[in-house]
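Step one of this worksheet: look at the structure below.
The values are calculated or read from the model by the stated rules, or taken from the named source; none is laboratory data. All of these numbers come straight from a predicted model, not from anything done at the bench. With ideal geometry, Cβ positions are generated from the backbone for all residues, glycine too; neighbour counts draw on all protein chains shown.
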Amino acid sequence: MSEQTAPAKLTAQAEESGSVLAKLIIFALTLGIAPISSYFLSRDYLWEGNTIYAAITAIVAANVVLVAYIIEATREESRMRAREKAQKGESKKDR
């Protein structure tokens, strides 16, 4: 019985780690692109050349990305815990 469940667990772990890696790459790229683009765009179009306000805009953009990553990471952790509890419940029912 344990021989049959081991490949299923490995497949599930590989899928989860792949999605986590994809999210990490997306957030890393966003963290690099969002502050720089918001600095230049806000400097040229929003604040009319004021670099201090443009820098503050870039800082806010970076913090928004970081907070979004933290929220998504905690949601992913809670989803993984719920899956583990569901799997433990199923394995106890099979006995």
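So, in the stretch 65-76, of the ones that are charged (D, E, K, R) and surrounded by 11 or more Cβ atoms within 10 Å (Cβ to Cβ), which residue ends up modelled with the highest pLDDT?
This residue is Glu72.
Can you tell me which of Ala58, Ala6, Ala14 is farther than 24 Å from Arg75 by Cβ, modelled with pLDDT under 75 and assigned to a helix (DSSP H, G or I)?
After ruling out the rest, the residue left standing is Ala6.
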